Amino acid sequence: MVIIKEIDPVAYGKILAILYGTMGLVFGLFTTSAAFMGFSMPDSLGIFSLIFGKWAVVSLPVFYGVSGYFIGLITGTLYNAVVGSKKGFRVEFLR
């Protein structure tokens, strides 16, 4: 039995940035391939044509990575604040 008493919010943010960035890359590949097949937003819609258009393979990983980093910072800090008053969070690993 392992008891997790504290999480480093910066390290957790980095891990989530990598995971969310990878997920954004996969979504961006699908969105860009759909845009090259003709299913894209018109250029008159501004930022939405960048996110859902031919540049989605670049913009979505950046957007998802940055948002994942901030989500990791926030959730790590909230976890430390909530669990700081308790004795920790018990996790059991099966071998």
*Look through Gly38, Gly53 and report the one residue that is modelled with pLDDT under 80, farther than 26 Å from Pro9 by Cα and surrounded by fewer than 15 Cβ atoms within 10 Å (Cβ to Cβ).*
Gly38
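Please specify each residue of the range 4-18 satisfying the condition of being of a type in the set (A, V, I, L, M) and either open to solvent by less than 80 Å² (accessible area, probe 1.4 Å) or touching an Asp or Glu at 6+ places or on another chain (Cβ under 8 Å) (or both).
Of everything in the range 4-18, those that are of a type in the set (A, V, I, L, M) and either open to solvent by less than 80 Å² (accessible area, probe 1.4 Å) or touching an Asp or Glu at 6+ places or on another chain (Cβ under 8 Å) (or both) turn out to be Ile4, Ile7, Val10, Ala11, Leu16, Ala17.
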*Limited to the range 75-95, what total is found for residues that are touching a residue at least 12 places away in the same chain (Cβ under 8 Å), among the β-branched types (Val, Ile, Thr) and surrounded by fewer than 16 Cβ atoms within 10 Å (Cβ to Cβ)?*
3
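The values are calculated or read from the model by the stated rules, or taken from the named source; none is laboratory data. A quick note: this is a predicted structure, and the numbers were derived from the prediction, not measured. Every residue, glycine among them, receives a Cβ derived from its backbone with ideal geometry; neighbour counts consider all protein chains shown. These area figures cover heavy atoms from the full protein model, side chains too; ligands, DNA and RNA do not enter into them. Shrake-Rupley method; radii C 1.70, N 1.55, O 1.52, S 1.80 Å.
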